[in-house]
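Written below as structure tokens is the structure these notes are about.
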Amino acid sequence: MPELPDVTLYIEALTQRVVGQPLSRVDLKSAFVLRSVRPSMEDVQSQPVRGVSRLGKRIVFGFDDELFLVIHLMIAGRLRWREPAQKLGFGGRMLLASFIFPHGTLFLTEASSKKRASITLVRGRAALDELNPGGIEPLDASLEEFAVALTLENHTLKRALTDPRLFSGIGNAYSDEILHAARLSPLKLTQSMKDEGVTRLYDAVRATLVVWIDQLRRELKGGFPEK
């Protein structure tokens, strides 16, 4: 599942390509990918994208009139960008939706028989906030805020780090990297943590996520994060 570093790279690549551009058309290839009824896709058709942001592990396209198109990739969902003359190069069974812009198309694909990726269109900040699990942003939180979230309930460190109600955007893959860097057992209980351990984990969370964001940027070299 794409996590905070991966979604961050999606946001950066999409911002370069679609912000300020009108969304000419949305073609839904799956009857189940759209999880909302009102507003409708017609409400954003031909409207310019005003911004692209992250909400946990979700990707949010902002439009005028507080309209937000939210993509949740779940485990196997991926985004792929193609210039106007380029073909997708994937079988039709993987394709869930196409977002057509004047200078390219964004494809939402999912390499799984269980279609869990979703698109939701909402109006208003309050409706958008309802999609937010509520976890703190690990790269923005202070040590004190991190400690409060970590010890709010008595779970294993692994479970706490991957709980979106506690920490935004961290999943299985990066939690393993973080715990390894912090030299802490994933089975250690959060409310048994001493101050020194909490600080070590806080530093490891921030360092690991930043390192991976930087590494992915170097690997992409300005390209689109297909993988």
Could you state the principal axis extents of the C-alpha atoms in the range 1-79, from the largest down, to the nearest angstrom? 31, 29, 19
Degrees between helix 195-220 axis and first principal axis of the chain (Cα, 0 to 90, nearest 10): 30
For the chain, with +1 on Lys and Arg beta carbons and -1 on Asp and Glu, the positive-most of Ser185, Leu108, Gly124 along the dipole: Leu108
Could you tell me the distance between the Cα centroids of the range 128-170 and the range 186-205, to the nearest Å? 13
If amide H atoms are modeled at 1.01 Å from N in the peptide plane, then the residues at a separation of 5 or more from Gly171, or on another chain, having amide H under 5 Å from its own are Leu4
Select from Val18, Val211, Val49 the residue whose mean-square fluctuation is largest in a Gaussian network model of the chain (Cα-Cα springs shorter than 10 Å). Val211
How big is the Rg/Rh ratio for the range 85-227, C-alpha atoms only, Rh by Kirkwood, two decimals? 1.05
Given the range 160-208, report the % of alpha carbon pairs whose separation exceeds 13 Å. 53
Using Cα atoms only, what is the angle between the long axis of helix 172-182 and the major principal axis of the chain, expressed in degrees (0 to 90) to the nearest 10? 30
Label-reachable residues, the range 29-71, where backbone N falls under 20 Å from a point 7 Å from Lys114's Cα toward its Cβ: 30-35, 57-58
For the range 2-14, in residue order, the Karplus 3J(HN,Hα) values (coefficients 6.51, -1.76, 1.60; θ = phi - 60°; whole Hz; Gly and Pro = x) are x, 10, 3, x, 5, 5, 4, 5, 4, 4, 5, 5, 5
Relative contact order in percent for the chain (Cα pairs under 8 Å, 6+ apart) equals 23
Tell me, what HN-Hα J-couplings in whole Hz come from the Karplus equation 6.51 cos²θ - 1.76 cosθ + 1.60 at θ = phi - 60° for each residue of the range 123-136, using x for Gly and Pro? 10, x, 5, 5, 5, 5, 4, 5, 8, 8, x, x, x, 6
Could you pull out the pairs from Lys57/Lys158; Lys57/Lys114; Lys115/Lys227; Lys188/Lys221 whose alpha carbons sit more than 29 Å apart here? Lys188/Lys221
Put a dot 7 Å past each Cα toward the Cβ at Thr156 and Arg35; how far apart are the dots in nm? 2.6
Residue by residue, what Karplus-based ³J(HN,Hα) values in Hz, rounded to whole numbers, does the range 92-104 have, using 6.51, -1.76 and 1.60 with θ = phi - 60° and x for Gly and Pro? x, 5, 7, 7, 9, 7, 10, 10, 9, 10, x, 10, x
Roughly what would the spin-label model give for Leu88 and Leu220, points 7 Å off Cα along C-beta, in nm? 2.1
Pair-distance profile P(r), taking every C-alpha pair of the range 29-138, with 10 angstrom steps and integer %: 13, 45, 35, 7, 0
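Where a number appears in this text, it was derived from the coordinates with a stated rule and is not lab data. Keep in mind it's a predicted model, so treat the numbers as computed, not measured. Cβ: placed from backbone, ideal geometry, glycine included. Neighbour counts: every protein chain shown.
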